[in-house]
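Novice: This is the structure I want to talk about, given as structure tokens.
Every number here is computed from the coordinates shown, using simple stated rules; none is lab data. As the structure is a computational prediction, the values presented were derived from the model and not from experiment. Reconstructed Cβ throughout: ideal geometry from the backbone, glycine too, with neighbour counts over all protein chains shown.
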Amino acid sequence: MSTLQRPRLRLRVSEKFGGTVQGEGPSTGVPACFIRLALCNLVCSPCDTPYTWDHTRYDLRKEAPYQRVEELLAWALDQPEDLVVITGGEPLIQLAGLTELVKGLRAAGRAVEIETNGTIAPSEALVAAGPYFNVSPKLSRFGAAMVETRRLRPDALRAFVTTGRARFKFVVSDPAELAEVAALEAAYALNDISVMPEGTDPEVILTGMRTLEPLVRERGYRLGTRLHVLLWGDERGR
Ligand SMILES: Nc1nc2[nH]cc(C(=O)O)c2c(=O)[nH]1
Ligand code: SF4
Ligand SMILES: [Mg+2]
């Protein structure tokens, strides 16, 4: 292929690290390496990765340098872990580069999970590349800094459900928020729902799980956690 057909795509990357496990969602505990893409289209106040997007507090020229997709691919394929988690920020903002990256990883036989806030519909090409989508729509408390129409995009949520490769993950800090989860489940026929507590401190996660466990079980959801927080607290790169 000529370079015209296949541009040398680059991605703005916040960090990449291996030697850890998937800490959230259905693959919790699976050995994984991570590529954290920069930039986000939302502005959640409890965000634990503001350095990926908040240019008022961080210098994104330093925090979010460009890297070539081939270089990222070479790095990921050099890691021993079979599972590559692409997170952010919001990875779907950089759709073209993301798609090339996922294609390369899948062609090399890697399992790929994309962590997303569910507001940007995946393209056909991205879905065809074969990642799983861990979709985490923001509830009213977590997304209080935004109007509902910004944090919940009906068309995008439907598009994720239609892929058949999406699982849904909600961060909850008050049991009352489970009613919001149930309303979204009904409105969009969401499948494979896990509910996890909010927090960057192991004690807070554990206490939250103890509170949520009976309520989440009653509703038939999966009790999620943040395993990396339980193990390593707020340490970056885990
Ligand atoms: N170990 C580990 N698992 C994770 N799962 C989702 C993460 C994220 O930041 O999106 C994350 C993370 O930052 N670390
Ligand atoms: S969607 Fe995620 S990365 Fe973006 S601001 Fe909210 S919590 Fe942070
Ligand atoms: Mg995280």
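Novice: I'm told ALA145 meets every condition in (1) within 16 Å of ligand 3 (Cβ to nearest atom); (2) within 19 Å of ASN41 (Cα to Cα) except one. Can you identify the failing condition by its number?
Specialist: Here ALA145 meets the rest and fails (1).
Novice: Go through (1) within 16 Å of ligand 1 (Cβ to nearest atom); (2) more than 23 Å from THR116 (Cβ to Cβ); (3) among the basic types (Lys, Arg) one by one and return the number of the condition ARG217 breaks.
Specialist: Unmet condition: (1).
Novice: Would you confirm, using the coordinates I've provided, whether GLY23 is surrounded by 16 or more Cβ atoms within 10 Å (Cβ to Cβ) and either part of a loop (DSSP other than H, G, I, E, B) or touching a residue at least 40 places away in the same chain (Cβ under 8 Å) (or both)?
Specialist: When the stated conditions are applied, GLY23 passes them.
Novice: Filter the range 134-166 down to residues that are part of a strand (DSSP E or B) and touching a Leu at 6+ places or on another chain (Cβ under 9 Å), then give me how many there are.
Specialist: 2
Novice: Take the range 44-63 and flag every residue that is within 16 Å of ligand 1 (Cβ to nearest atom), farther than 18 Å from ARG150 by Cβ and among the acidic types (Asp, Glu).
Specialist: ASP48, GLU63
Novice: Being under 24 Å from PRO197 (Cβ atoms), among the aliphatic types (A, V, I, L, M), part of a loop (DSSP other than H, G, I, E, B) and in contact (Cβ under 8 Å) with a residue 24 or more places away in the chain: is that true of VAL85 here?
Specialist: no
Novice: Can you give me the number of residues within the range 122-152 that are more than 15 Å from the chain's Cα centre (by Cα), within 18 Å of PHE170 (Cα to Cα), without any contact (Cβ under 8 Å) to a residue 40 or more places away in the chain and buried (at least 18 other Cβ atoms within 10 Å of the Cβ)?
Specialist: Counting residues in the range 122-152 that are more than 15 Å from the chain's Cα centre (by Cα), within 18 Å of PHE170 (Cα to Cα), without any contact (Cβ under 8 Å) to a residue 40 or more places away in the chain and buried (at least 18 other Cβ atoms within 10 Å of the Cβ) gives 1.
Novice: Sticking with this structure for a sec: Limited to the range 26-66, what total is found for residues that are in a loop (DSSP other than H, G, I, E, B), of a type in the set (Ser, Thr, Tyr) and either more than 15 Å from ligand 3 (Cβ to nearest atom) or over 15 Å from THR87 (Cα atoms) (or both)?
Specialist: Number satisfying all stated conditions: 3.
Novice: Oh, and also: Restricting the range 96-120 to residues that are of a type in the set (Asp, Glu) and part of a strand (DSSP E or B), which is nearest to ligand 2 (Cβ to nearest atom)? First the steps, then the outcome.
Specialist: First, the residues of the range 96-120 that are of a type in the set (Asp, Glu): 100, 113, 115.
Those left that are additionally part of a strand (DSSP E or B): 113, 115.
Values: GLU113: 15, GLU115: 8 Å.
The selected residue is GLU115.
Novice: Kindly evaluate GLY25 against the criterion of being more than 12 Å from ligand 2 (Cβ to nearest atom) and closer than 28 Å to ILE193 by Cβ.
Specialist: It is true that GLY25 is more than 12 Å from ligand 2 (Cβ to nearest atom) and closer than 28 Å to ILE193 by Cβ.
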